[in-house]
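*Asks:* Starting off with a structure, shown below.
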Amino acid sequence: MTAMSERKSNWIPWVFVGAMGVVVAVNAVMVTYAIKSWSGLAVSKPYERGVAYNEVLQAQHRQDALGWTVKASAEITGADRAGRVLITVRDKDGRPLQGQVIEAELQRPVEVIDDVNLTFTYAGEGRYVAPVTFPKLGQWDLRAAIVHDQDTYQVVERLFVK
């Protein structure tokens, strides 16, 4: 009986060492994935943006004073994920605005892939259209700067393409 309990007690350290080895291996895989994946930064040069935060607030107040209404949408119009992005711009009285220059791009919020630059043309009634071939379906962030005379309106809107 003593020999049997000694054999059983010899297993206990090896089971513990094996279990800890599995834990260490899983943690190593998770740490490697975390280091190589998205950094979590939402803006480039976050320190500089934080230092200039009062300027960011002033720009937001100027934008709010414009009273513009901006709506964006995206849709598939053809095969192979060909589609378009539509932006509608209206002034504070609800009148369509025309003559804006729109600089915009689509960014994928759920994975790191190249941004998609957009070129908009005026389509009447305050509507601007940009043709695009979406690399993937799903969620996209539209980041646009709408410039009219000396005024600039920044837009960040989540679009879902299906």
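The values are calculated or read from the model by the stated rules, or taken from the named source; none is laboratory data. Since the model is a prediction, treat every value here as computed from it, not as a measurement. Backbone-built Cβ (ideal geometry, glycine too); neighbour counts: all protein chains shown.
*Asks:* Identify, by number, the condition in (1) free of Cβ contacts under 8 Å to residues at least 60 places away in the same chain; (2) within 18 Å of Val161 (Cβ to Cβ) that Arg95 doesn't meet.
*Replies:* (2)
*Asks:* Looking at the structure I just gave you, is Gln58 under 20 Å from Arg143 (Cα atoms), more than 24 Å from the chain's Cα centre (by Cα) and without any contact (Cβ under 8 Å) to a residue 12 or more places away in the chain? So that I can check it myself, show each step before the final result.
*Replies:* On the way: under 20 Å from Arg143 (Cα atoms): yes; more than 24 Å from the chain's Cα centre (by Cα): yes; without any contact (Cβ under 8 Å) to a residue 12 or more places away in the chain: yes.
Yes; evaluated as a whole, the condition is true for this residue.
*Asks:* Can I ask one more? Do the conditions hold for Ala104, that is, is it closer than 18 Å to Asp151 by Cα, in contact with a Leu (Cβ under 8 Å, 6 or more places away or on another chain) and not in a helix (DSSP H, G or I)?
*Replies:* Working: closer than 18 Å to Asp151 by Cα: yes; in contact with a Leu (Cβ under 8 Å, 6 or more places away or on another chain): yes; not in a helix (DSSP H, G or I): yes.
For Ala104, the condition - closer than 18 Å to Asp151 by Cα, in contact with a Leu (Cβ under 8 Å, 6 or more places away or on another chain) and not in a helix (DSSP H, G or I) - is met.
*Asks:* Which residue, of Val112, Val29, is free of Cβ contacts under 8 Å to residues at least 40 places away in the same chain and not in a strand (DSSP E or B)?
*Replies:* Working: Val112 fails: free of Cβ contacts under 8 Å to residues at least 40 places away in the same chain.
Matching residue, one of Val112, Val29: Val29.
*Asks:* Among the residues of segment 13-30, is any modelled with pLDDT under 90 and closer than 24 Å to Val156 by Cβ?
*Replies:* no
*Asks:* If we keep just the residues of segment 76-103 that are out of contact with any strand residue (DSSP E or B) (no Cβ under 9 Å at 6 or more places or on another chain) and at pLDDT 90 or above, which is surrounded by the most Cβ atoms within 10 Å (Cβ to Cβ)?
*Replies:* That would be Arg95.
*Asks:* Tell me yes or no: at least one residue of segment 72-83 is of a type in the set (Lys, Arg), assigned to a strand (DSSP E or B), within 25 Å of Ala130 (Cα to Cα) and in the same structural domain as Tyr122 (by TED's automatic domain parsing). Break it down into steps so the answer makes sense when it comes.
*Replies:* The initial filter retains those residues of segment 72-83 that are of a type in the set (Lys, Arg), namely 81.
Pick out the ones that are also assigned to a strand (DSSP E or B) and you get none.
No; the residues of segment 72-83 include none that is of a type in the set (Lys, Arg), assigned to a strand (DSSP E or B), within 25 Å of Ala130 (Cα to Cα) and in the same structural domain as Tyr122 (by TED's automatic domain parsing).
*Asks:* In segment 66-81, which residues are closer than 13 Å to Gln154 by Cα and small (Gly, Ala, Ser)? Outline the logic, then answer.
*Replies:* The initial filter retains those residues of segment 66-81 that are closer than 13 Å to Gln154 by Cα, namely 66-72.
Gly67, Ala72 - these are the residues of segment 66-81 that are closer than 13 Å to Gln154 by Cα and small (Gly, Ala, Ser).
*Asks:* Every residue in segment 67-110 that is in contact with a Pro (Cβ under 9 Å, 6 or more places away or on another chain) and within 12 Å of Gly126 (Cα to Cα), please.
*Replies:* Residues satisfying the conditions are Thr88, Val89, Arg90.
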